[in-house]
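Undergrad: A single structure is presented below for examination.
The values are calculated or read from the model by the stated rules, or taken from the named source; none is laboratory data. Remember, predicted model here, so these are calculated numbers, not experimental data. So basically every Cβ, Gly included, is an ideal-geometry build from the backbone, and we count neighbours across all protein chains shown. Surface areas here come from the heavy atoms of the whole protein model, side chains and all, with no ligands, DNA or RNA. Shrake-Rupley method; radii C 1.70, N 1.55, O 1.52, S 1.80 Å.
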Amino acid sequence: MPDKKWKMMVVPETHWDREWYLTFQQFRHRLVRLVDKLLNILETDKRYRYYCLDGQTVVLEDYLEIRPENHERIAAMVTARRLFVGPWYVLPDEFLVSGEALVHNILLGHKIAAEFGGVMKAGYVPDPFGHISQLPQILAGFDLPSMLFMRGVGNELDDAHNEFWWEAPDGTRVLGIHLINTYCNGANLGYRGQSAQAQEGAEVDMDKALEQLTEQRDLLSQRAATPYLLLNNGCDHLEPQPELPEIIEYANQRLDDMEVIHSNYEAYTEAVLAEGGELHMVQGELHGGKYWPIFSGVFSARMYLKQANERCQTLLEKWAEPLSAFAWLEGAPYEQSFLWAAWRQLLRNHPHDSICGCSTDQVHQQMMSRFEQAEQIAETIVEESAQHLSGLVQVAEPSVAEDCICARKVVVFNPHNFRRQEAVAVKLRAAVDPGINPLGVVVQDADGEIVSSQVISQQVREYEAGIPEDKLLWEAEVLIQADVPALGLTGYTLVTESAKQRESSSEIVAGANWIENECVRVEAEGNGTLHIIDKVSAVRYEGVHLFEDSEDAGDEYDYSPAANSMTITSMGNQARISVIERGPVRATMRIDLTLDLPQSLADNRQRRAEQSVPCEVTTLVSITSGSPRISFKTSVDNRVRDHRLRVWFPTGYTVTECHAESHFDVVTRSLDLPEAEDWFQPPQPTKPTQGFVDVSDNETGLAVCSVGLPEYEVFTTDKGAVIALTLLRAVGWLSRSDLLTRSGNAGPKTATPVAQCLGKHTFHYAIVPHQSDWFEAEIWKYSASAKAPLRAFVSELSASGQHRKLSFLRVEPDNLVVTAVKKAERYEALIVRFYNISGEATSAYLTCYKPIAQAELVNLNEELIESLDVDDSGWVTLPKVPGRRIITVALRFAD
């Protein structure tokens, strides 16, 4: 065939939403039918060369659970490079899961695909609602040279091609391929419509297929950087077309300027890269809705899902994997299979229709079961690993009085790579005789020095299993002012005494409506808002922690005001204020409010209903000794529908941008929305965060650190910028077509009453007033500590170990943020991953408490890049780690 001007590469595929408007089991029934049909086509027609199974491998597990006898048939097609699977385990939403969750997702996808014969080396992410700034570096870390996607482009590609270089913050780049006409632009060739039902009872119309091909040629060629045009022969839940080879042959006989090729995403990527030539460069996250909507309301839909996800991610990343790895270094088995079992349950909740909260009520009820299973597995691993490691720690030998009812060894773990001097909660239980009086506690470090402590609650209750029938159960919670080294542990001795709790020296003081420590003073106003003084800089913050409630006439995908909008705040409320803890470790102020909120939207959805319902809101505001962090625990009894509840933090700063924690990154975002007259979906002011949001004038600033609350907005007033943190968004529809913030439906119009989030909810977040900017103030440390606080493990007093304090691993300097510590997947080594949170290159230094025999720089798939030197003192040095660079190191030890 002579060369033709255009080469249209047709890739047959399906996009498989595992759950959405139907449940997983309902969709799986269709998946089994699809794969049965596909295997038959591939085995009986050699002309049907390739098929892409949506870039994910979970579908293989789902299918083979029903058809286990077809494992070898699938493996044969994968090995023959006719069926392309992976690189993902599931196609995730990127903004709502952690960076390590994304890495583990692709790692598991590679692991499974390799077992079947090979992984697709193309970064196929067709439908997530935008893309994070570090995705190019993550993909490149698995040797994935491209990213094929539909959503997220704003004005970045104006006057540019659909093919471009997308660069991560560290300079790593991949080939970006914008599927501007969707991942369905070649669906149902020769049929009417793109739905899964279009082929049923119909015959293919070859001329219709030819018309579709030429139409796409005309559209794609206008923005093509090379002669290669990509046609995606598939769509949501669409079965393969067996007549595709005939369509291609028919078209090639009739098209003079275009050759149609049955192809795959790897071949298309290679063809575009082989052409060379200059391509447009794009940097930063892609979260614009110029061509396709991005549904920014999903950041706050069903907030309980986001909170559960945060708990599970933190439990696996900061506790289960590191503690199991350290226990492995001490001779315990590494529970890799159990860890992957937990990760599987968690990752199955990460597709965009799942974690985004934009599916049916039944789908999300089933998600909560997966979260619970992941948590149960991970928690068991944590407890067993901690018990194994606790024996390493030396504690003081206490002098125990005759009336002591509880003498315990307390080992405190720090999962972060920086020293932490902060409060840790310890829970105690003991069998006691009836009539016992409140007890005090004494805590000592390994040197026998008294450590500041505070009993925050204790109770005696009746017999339960494990307690002798003539005894009662004493339970208490105690705060210890702990000092724990980086990625390490410290041991303490705790004993009870019948006397009143001993006084400890402390800088914490409190009055009737205020609390204060060395760093901050927090005073509650009559309406419940706070007046805060940063005692270091003398900066004052007024009106902090104001509640704002507005109607939400949107759906699970997007927030929308009503035509006649009404916002209610707590400004005019009368709060009930009390100080319930007064140190020496922690002071806490309780603020109770009643918000009278409209019960729902009016029937016409144009305004809020006239009738109001009282909703109780309780906030505990806490400070601890020596820290500028002010922590909040807010409980809301949501008794109304169709609304959004946020809390405001006025900063007083006149700024044009803010900084937000992201995946292996801290992004700078303008407060101005982009020009968007011709956008499909107008840009929204709400944005995502993985932890902190900071507003600063570079001399002082205020950071908000959220825990499982990923949506914020920074807006300006005549008194300066305000950070608004979303607590709750209550809606009753999967999708609607009457929003003011989006045109058309995003899915079926299905009622979702559980998405109204009625009932009691608890939210955790913190603020940190600081000097300088976010980097100099090391705000990421406060964010990390809020998400993964110190954790104490209690055991009976026993023979002490050899370490008073122990740091298992040290990574220096502190701007190198450790995100993963685990055993390697395929060999005997400790994997340590960190990234440089600064924008400047820095040298990295790494050592371990065990002598390192060999160190290697590896990629995200844990494959060797180069060997690293280990000096005589046991340190590994990596000179000049670029700003925002992700580094993975494998450490091997002598037998």
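Undergrad: Tell me whether segment 436-449 contains one or more residues that are in contact with a Lys or Arg (Cβ under 7 Å, 6 or more places away or on another chain), crowded, with 17+ Cβ neighbours inside 10 Å and without any contact (Cβ under 8 Å) to a residue 60 or more places away in the chain.
TA: Looking for residues that are in contact with a Lys or Arg (Cβ under 7 Å, 6 or more places away or on another chain), crowded, with 17+ Cβ neighbours inside 10 Å and without any contact (Cβ under 8 Å) to a residue 60 or more places away in the chain, one finds none in segment 436-449, hence no.
Undergrad: Any idea which of ALA101, ALA113 is touching a strand residue (DSSP E or B) at 6+ places or on another chain (Cβ under 8 Å) and either of a type outside the set (D, E, K, R) or assigned to a helix (DSSP H, G or I) (or both)?
TA: Numbers: ALA113 fails: touching a strand residue (DSSP E or B) at 6+ places or on another chain (Cβ under 8 Å).
Going through ALA101, ALA113 in turn, just one is touching a strand residue (DSSP E or B) at 6+ places or on another chain (Cβ under 8 Å) and either of a type outside the set (D, E, K, R) or assigned to a helix (DSSP H, G or I) (or both): ALA101.
Undergrad: Within segment 651-679, count every residue that is over 26 Å from the mean Cα position of the chain (by Cα) and within 15 Å of TYR712 (Cα to Cα).
TA: 1
Undergrad: Further question: Looking at this structure, is GLU61 surrounded by fewer than 23 Cβ atoms within 10 Å (Cβ to Cβ), within 20 Å of the chain's Cα centre (by Cα), acidic (Asp, Glu) and at pLDDT 95 or above?
TA: Details: surrounded by fewer than 23 Cβ atoms within 10 Å (Cβ to Cβ): yes; within 20 Å of the chain's Cα centre (by Cα): no; acidic (Asp, Glu): yes; at pLDDT 95 or above: yes.
Here the answer is no, as GLU61 does not meet what is asked.
Undergrad: Condition (residue is open to solvent by 30 Å² or more (accessible area, probe 1.4 Å) and under 25 Å from ASP93 (Cβ atoms)) applied to segment 206-216: is it met by at least one residue?
TA: No; the residues of segment 206-216 include none that is open to solvent by 30 Å² or more (accessible area, probe 1.4 Å) and under 25 Å from ASP93 (Cβ atoms).
Undergrad: Right, next: For segment 841-895, which residues satisfy the criterion of being open to solvent by less than 20 Å² (accessible area, probe 1.4 Å), of a type in the set (Val, Ile, Thr) and more than 22 Å from PHE418 (Cβ to Cβ)?
TA: Matches in segment 841-895: VAL858 only.
Undergrad: Would you be able to say whether some residue in segment 654-663 is within 22 Å of ALA538 (Cα to Cα), surrounded by 15 or more Cβ atoms within 10 Å (Cβ to Cβ) and of a type in the set (S, T, N, Q)?
TA: no
Undergrad: Any residue at all in segment 533-546 that is open to solvent by less than 10 Å² (accessible area, probe 1.4 Å), closer than 30 Å to CYS615 by Cα and either without any contact (Cβ under 8 Å) to a residue 40 or more places away in the chain or outside any strand (DSSP E or B) (or both)?
TA: yes
Undergrad: Restricting attention to segment 76-129, which residues are surrounded by 24 or more Cβ atoms within 10 Å (Cβ to Cβ), over 24 Å from LYS822 (Cβ atoms) and small (Gly, Ala, Ser)?
TA: ALA122
Undergrad: On the basis of being over 17 Å from the mean Cα position of the chain (by Cα) and charged (D, E, K, R), does GLU310 make the cut?
TA: Taking the combined requirement at face value, the residue does not satisfy it.
Undergrad: Moving on. Those residues that are more than 24 Å from PHE129 (Cα to Cα), open to solvent by 20 Å² or more (accessible area, probe 1.4 Å) and either assigned to a strand (DSSP E or B) or charged (D, E, K, R) (or both), I need them from segment 740-771; list them, please.
TA: Once the filter is applied, which keeps residues that are more than 24 Å from PHE129 (Cα to Cα), open to solvent by 20 Å² or more (accessible area, probe 1.4 Å) and either assigned to a strand (DSSP E or B) or charged (D, E, K, R) (or both), segment 740-771 yields GLY759, LYS760, HIS761, THR762, HIS764, GLN771.
Undergrad: Which of the strands (runs of 3 or more DSSP E) contained wholly in segment 393-467 include at least 1 residues that are touching a helix residue (DSSP H, G or I) at 6+ places or on another chain (Cβ under 6 Å)?
TA: On the way: elements: 407-414, 420-432, 440-444, 453-461.
Filter on segment 393-467 gives 407-414.
Undergrad: Among the residues of segment 463-474, write down those that are open to solvent by 40 Å² or more (accessible area, probe 1.4 Å) and either under 41 Å from the mean Cα position of the chain (by Cα) or within 14 Å of VAL426 (Cβ to Cβ) (or both). Write out each step before concluding.
TA: Here is the first cut: in segment 463-474, the residues open to solvent by 40 Å² or more (accessible area, probe 1.4 Å) are 463-466, 468-472.
GLU464, ALA465, GLY466 - these are the residues of segment 463-474 that are open to solvent by 40 Å² or more (accessible area, probe 1.4 Å) and either under 41 Å from the mean Cα position of the chain (by Cα) or within 14 Å of VAL426 (Cβ to Cβ) (or both).
Undergrad: Specify the residue that is most open to solvent (accessible area, probe 1.4 Å); the eligible residues are those in segment 291-307 that are of a type outside the set (Lys, Arg) and farther than 18 Å from PRO126 by Cα. First the steps, then the outcome.
TA: The initial filter retains those residues of segment 291-307 that are of a type outside the set (Lys, Arg), namely 291-301, 303-305, 307.
Okay, now just the ones that are also farther than 18 Å from PRO126 by Cα, so 297, 299-301, 303-305, 307.
Numbers: GLY297: 4, PHE299: 4, SER300: 0, ALA301: 3, MET303: 1, TYR304: 52, LEU305: 0, GLN307: 28 Å².
Among residues in segment 291-307 that are of a type outside the set (Lys, Arg) and farther than 18 Å from PRO126 by Cα, the one most open to solvent (accessible area, probe 1.4 Å) is TYR304.
Undergrad: Tally time: how many residues in segment 240-274 are assigned to a loop (DSSP other than H, G, I, E, B) and within 17 Å of THR182 (Cα to Cα)?
TA: 1
Undergrad: Another one. Let me confirm something: among ALA225, ALA187, which residue is in contact (Cβ under 8 Å) with a residue 60 or more places away in the chain and farther than 30 Å from LYS687 by Cβ? Quick ask: steps written out before the conclusion?
TA: Numbers: ALA187 fails: in contact (Cβ under 8 Å) with a residue 60 or more places away in the chain.
The unique qualifying residue is ALA225.
Undergrad: Moving on to the next point. For the condition in contact with a Ser or Thr (Cβ under 7 Å, 6 or more places away or on another chain), crowded, with 20+ Cβ neighbours inside 10 Å and of a type in the set (A, V, I, L, M, F, W, C), what is the one hit in LEU231, LEU175?
TA: Numbers: LEU231 fails: in contact with a Ser or Thr (Cβ under 7 Å, 6 or more places away or on another chain).
So the residue among LEU231, LEU175 that is in contact with a Ser or Thr (Cβ under 7 Å, 6 or more places away or on another chain), crowded, with 20+ Cβ neighbours inside 10 Å and of a type in the set (A, V, I, L, M, F, W, C) is LEU175.
Undergrad: Is it the case, given these coordinates, that LEU53 is within 27 Å of SER354 (Cα to Cα) and open to solvent by less than 20 Å² (accessible area, probe 1.4 Å)? Don't jump to the end; show me each part of the working.
TA: On the way: within 27 Å of SER354 (Cα to Cα): yes; open to solvent by less than 20 Å² (accessible area, probe 1.4 Å): yes.
It is true that LEU53 is within 27 Å of SER354 (Cα to Cα) and open to solvent by less than 20 Å² (accessible area, probe 1.4 Å).
Undergrad: What tally of residues in segment 18-48 results from selecting those that are touching a residue at least 40 places away in the same chain (Cβ under 8 Å), surrounded by fewer than 20 Cβ atoms within 10 Å (Cβ to Cβ) and either of a type outside the set (A, V, I, L, M, F, W, C) or touching a Ser or Thr at 6+ places or on another chain (Cβ under 6 Å) (or both)?
TA: Adding up the residues that qualify gives 7.
Undergrad: Say whether the condition of being open to solvent by less than 50 Å² (accessible area, probe 1.4 Å), in contact (Cβ under 8 Å) with a residue 12 or more places away in the chain and in contact with a helix residue (DSSP H, G or I) (Cβ under 6 Å, 6 or more places away or on another chain) is met by at least one residue in segment 65-73. So that I can check it myself, show each step before the final result.
TA: We begin by selecting, within segment 65-73, every residue open to solvent by less than 50 Å² (accessible area, probe 1.4 Å); these are 70.
Narrowing further to those that are in contact (Cβ under 8 Å) with a residue 12 or more places away in the chain: 70.
From what is left, the residues that are in contact with a helix residue (DSSP H, G or I) (Cβ under 6 Å, 6 or more places away or on another chain) are none.
No - not one qualifying residue is present in segment 65-73.
Undergrad: Consider segment 547-574. How many of its residues are among the hydrophobic types (A, V, I, L, M, F, W, C), under 19 Å from GLU616 (Cβ atoms) and open to solvent by 10 Å² or more (accessible area, probe 1.4 Å)? Write out each step before concluding.
TA: Going through segment 547-574, the residues among the hydrophobic types (A, V, I, L, M, F, W, C) turn out to be 547, 553, 562-563, 566, 568, 571.
So of that shortlist, the ones also under 19 Å from GLU616 (Cβ atoms) come out as 547, 568, 571.
Narrowing further to those that are open to solvent by 10 Å² or more (accessible area, probe 1.4 Å): 568, 571.
Summing the residues that are among the hydrophobic types (A, V, I, L, M, F, W, C), under 19 Å from GLU616 (Cβ atoms) and open to solvent by 10 Å² or more (accessible area, probe 1.4 Å) in segment 547-574 gives 2.
Undergrad: Another question about this same structure. Across segment 275-290, which residue is surrounded by the most Cβ atoms within 10 Å (Cβ to Cβ) among those that are assigned to a loop (DSSP other than H, G, I, E, B) and out of contact with any Phe, Trp or Tyr (no Cβ under 6 Å at 6 or more places or on another chain)?
TA: Step one: of segment 275-290, the residues assigned to a loop (DSSP other than H, G, I, E, B) are 276-280, 284-285, 287, 289-290.
Filter again for out of contact with any Phe, Trp or Tyr (no Cβ under 6 Å at 6 or more places or on another chain), leaving 276-278, 284-285, 287.
Details: GLY276: 8, GLY277: 9, GLU278: 8, GLY284: 17, GLU285: 22, HIS287: 24.
Within segment 275-290, the match that is surrounded by the most Cβ atoms within 10 Å (Cβ to Cβ) is HIS287.
Undergrad: Oh, and also: May I ask you to list the residues in segment 555-572 that are within 14 Å of LEU645 (Cα to Cα) and touching a helix residue (DSSP H, G or I) at 6+ places or on another chain (Cβ under 9 Å)?
TA: Of everything in segment 555-572, those that are within 14 Å of LEU645 (Cα to Cα) and touching a helix residue (DSSP H, G or I) at 6+ places or on another chain (Cβ under 9 Å) turn out to be TYR559, SER560.
Undergrad: Quick check: is even one residue across segment 335-348 assigned to a loop (DSSP other than H, G, I, E, B) and under 19 Å from the mean Cα position of the chain (by Cα)? If you could, list the steps in order and put the result at the bottom.
TA: To start, the set of residues in segment 335-348 that are assigned to a loop (DSSP other than H, G, I, E, B) comprises 335, 348.
Restricting the remaining residues to those that are under 19 Å from the mean Cα position of the chain (by Cα) gives 348.
The answer is yes; a qualifying residue exists.
Undergrad: Quick check on segment 509-528. Is at least one of its residues farther than 30 Å from THR700 by Cα, assigned to a strand (DSSP E or B) and of a type in the set (Asp, Glu)?
TA: Going through segment 509-528, the residues farther than 30 Å from THR700 by Cα turn out to be none.
Within segment 509-528, not a single residue is farther than 30 Å from THR700 by Cα, assigned to a strand (DSSP E or B) and of a type in the set (Asp, Glu).
Undergrad: Check GLY331 against each of (1) part of a helix (DSSP H, G or I); (2) open to solvent by 10 Å² or more (accessible area, probe 1.4 Å); (3) out of contact with any Asp or Glu (no Cβ under 9 Å at 6 or more places or on another chain) and name the one condition it does not meet.
TA: Evaluating GLY331 over (1) part of a helix (DSSP H, G or I); (2) open to solvent by 10 Å² or more (accessible area, probe 1.4 Å); (3) out of contact with any Asp or Glu (no Cβ under 9 Å at 6 or more places or on another chain) leaves (1) as the failure.
Undergrad: Being open to solvent by 60 Å² or more (accessible area, probe 1.4 Å) and not small (Gly, Ala, Ser) is the filter here, so list the residues in segment 795-807 that pass it.
TA: Looking only at segment 795-807, we keep the residues that are open to solvent by 60 Å² or more (accessible area, probe 1.4 Å), and these are 796-799, 802, 804-805.
If the condition is that a residue be open to solvent by 60 Å² or more (accessible area, probe 1.4 Å) and not small (Gly, Ala, Ser), then GLU796, LEU797, GLN802, ARG804, LYS805 are the ones that fit.
Undergrad: Among the listed residues ALA609, ALA587, which satisfies the condition of being hydrophobic (A, V, I, L, M, F, W, C) and open to solvent by 10 Å² or more (accessible area, probe 1.4 Å)? Before you say what the answer is, go through the steps one by one.
TA: Numbers: ALA587 fails: open to solvent by 10 Å² or more (accessible area, probe 1.4 Å).
Going through ALA609, ALA587 in turn, the sole match is ALA609.
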